């Protein structure tokens, strides 16, 4: 026992030494940062958190913006739209990323907490329905996709494919993509439609989980943001109703509104943005920032 | 000098007493917090809903049966894998392997115990799910069994390490006596050494199960997280959603104080109760064992 305590003390001792060294080191690096000559006190720190759909885009923006403005530090984390908005309501972040509109009860909660979310549409996104590259299915209507996910269609044969069971993949319920898919696809955009996901739908905690299973499993069907689709998966052409035109998702089809499963992506600031947050949000609408949107597979809000 | 020493000793005794009592304090606080946040769910959600088979919290379906069933079936599978393998490994290391092999094997297995479970989960997703799906021709490799397999792997080092210590603590004279009476090596192990070490072995198994039922990350990555109630043992090969994965996946998003938040804490209470029951059973077995051996000795 005493041995253990001594060992613990030793560990603590080293931790403290390591901590002190690191912080000294950190200070040293900090003070020699080749800045723009401005004093350190003017540096701004922006905390940005939320939707996993947007996280790569937000990171790319933050990186570029920090190159242009070395005095600004931007920290970007994911976690889901709900997580980001909850953090904004609690006042722990400056900008929340969301792949869905803020809910009325969230606005209410923000009001009670004394925060006032202000909305910005920063890009657009299409939800691509994806299957394994070896799946022979090319196109589906929204009604068919809804029937697959609600459990009415259980075999690819019923859709003209091979005799294989359908494995449904979805994001977790805390994902904005999940809620959007539920409302716009599963429930066909009807407010009084109470269709639910079939209970055997696999709820995967990350986009990467879905991609990995789609790549590997010829039975699987999944959905994810257009930005996450890689060439080793197959996108399904979607029609809003039978007899309608089947459209593959792309920047072009999203912008001319022919692809039916597309949505706006949002950033929320606490109150009308001021100072560095304002300049950052303004920069996001510049053609340079919107070019990054295109590079990452999303659709820009005002094409450059 | 002497005064200094006694002061030191006093300090250390004090520290040990404080840490001993703090364990009780912390468990008490955790229980209090769990109950305070979890019990309101009984008021907010009717009992038939809690004990229903549908879990879809964003539409107010709070049936926890699928989650409970998921955790149980994954843990059961993990136990079926980890106990035989873990015990045989412990017996091999303690009774059969030569001294030099033991010196290598024991530290290696203990090193395995320190492997972060998320690394195992990663391997599971990339390698094992695909192998399992092809080998058994399943619709998907993300199943309860995949979770059991990884959890078994996580529990085995714990079981081996503790069980080996217990076997090692059996006095040499027991084995010598058995061998002198003409028992074979196998008979000695099975009839003498293992029963003599039974309490330690049971503790090892319980610790292993405890490790398995509380594990989150690896399970969340490979079980598919579909909230289906497993009613047959064959559903070991279909996707399930465990209680731990549910808490981990949903706690980040949920608004504190909401119904969903309270139900997640209720799941926490259930997990807490399960590990409490496992521990009580383990200590009851160990205690009864000791009393019997004391009777024989006296």
| Does region B:97-202 come out rounded, prolate or oblate by the C-alpha gyration tensor, with a ≥ b ≥ c the root eigenvalues, rounded set by a/c under 1.5 and, if not, prolate when a/b is larger than b/c and oblate if not? | prolate
| query | Distance in nm between label sites at residue B:25 and residue B:8, each 7 Å beyond Cα in the beta-carbon direction? | reply | 2.6 nm
| field | Highest-MSF residue in chain B out of B:101, B:248, B:78 [GNM, Cα springs under 10 Å] | value | B:101
| query | Over all residues in A:193-204, what is the mean tally of Cβ atoms on other chains that come within 10 Å of each residue's Cβ? | reply | 6
| FRET E, pair residue A:43, residue A:286, Förster distance 25 Å, beta-carbon r, rounded to 0.05 | 0.70
| field | Estimated inter-spin distance, residue B:99 and residue B:127, nm [label 7 Å along Cα→Cβ] | value | 3.5 nm
| task | Rounded to the nearest 0.05, what FRET efficiency do residue A:208 and residue B:255 give with R0 = 25 Å and r taken as the Cβ-Cβ distance? Could you check? | result | 0.40
| field | Calculated P(r) tail over 39 Å for the protein assembly as shown, as whole % of Cα pairs | value | 44 percent
| Where does chain A land at 222 nm, in deg cm²/dmol rounded to the nearest 500, when only DSSP H runs of n ≥ 4 count, each adding -39500 (n - 2.57), divided by all residues? | -11500 deg cm²/dmol
| said: Given axes a ≥ b ≥ c from the Cα gyration tensor, I'd like to know whether region B:1-156 is rounded (a/c under 1.5), prolate (a/b larger than b/c) or oblate. | reply: oblate
| query | If the label point is 7 Å along Cα→Cβ of residue B:39, which residues in region B:255-288 have backbone nitrogen under 14 Å from it? | reply | B:266, B:269
| message | Could you give the length gained by full extension between residue B:54 and residue B:108, i.e. 0.36 nm per residue of separation minus their alpha carbon distance, to one decimal place? | response | 15.1 nm
| remark: Checking B:41, B:234, B:94 against a Gaussian network model of chain B (alpha-carbon springs below 10 Å), the top fluctuating residue turns out to be B:234
| remark: Note: A:209-216 gets an average of partner chain Cβ contacts (10 Å, Cβ to Cβ) equal to 4
| In degrees, nearest ten, helix B:99-113 long axis to first principal axis of chain B (Cα) | 20 degrees
| message | Tell me the angle of helix A:104-113 to the major Cα principal axis of chain A, expressed in degrees between 0 and 90 and rounded to the nearest ten. | response | 10 degrees
| remark: To the nearest 0.05, the calculated FRET efficiency linking residue B:61 and residue A:188 through their beta-carbon distance, R0 being 22 Å, is 0.60
| Which whole-number value in Å³ per residue fits the convex hull of the alpha carbons of chain A? | 199 Å³
| message | I want to verify a result. In a Gaussian network model of chain B, Cα cutoff 10 Å, which of these has the top mean-square fluctuation: B:220, B:251, B:206? | response | B:251
| query | Based on the alpha-carbon gyration tensor of region A:125-263 and its eigenvalue square roots a ≥ b ≥ c, which shape applies: rounded if a/c is under 1.5, prolate if not and a/b is larger than b/c, or oblate? | reply | rounded
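Can you list, largest first and rounded to whole Å, the semi-axes you get for chain B by taking the square root of 5 times each eigenvalue of its Cα gyration tensor?
Calculated on Cα positions only, the semi-axes equal 38, 29, 19 Å.
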| Helix axis angle, B:2-38 relative to chain B longest principal axis, alpha carbon, degrees | 30 degrees
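Using a 10 Å cut-off on Cβ to Cβ distances, tally the other chain neighbours for every residue of B:59-67 and report the average as a whole number.
Mean partner shielding for this stretch: 1.
Each reported figure results from applying straightforward, stated rules to the coordinates on display, with no laboratory input. Note that this is a predicted model, so its numbers are computed, not measured. Virtual Cβ from ideal backbone geometry, glycine too; neighbours counted across all protein chains shown.
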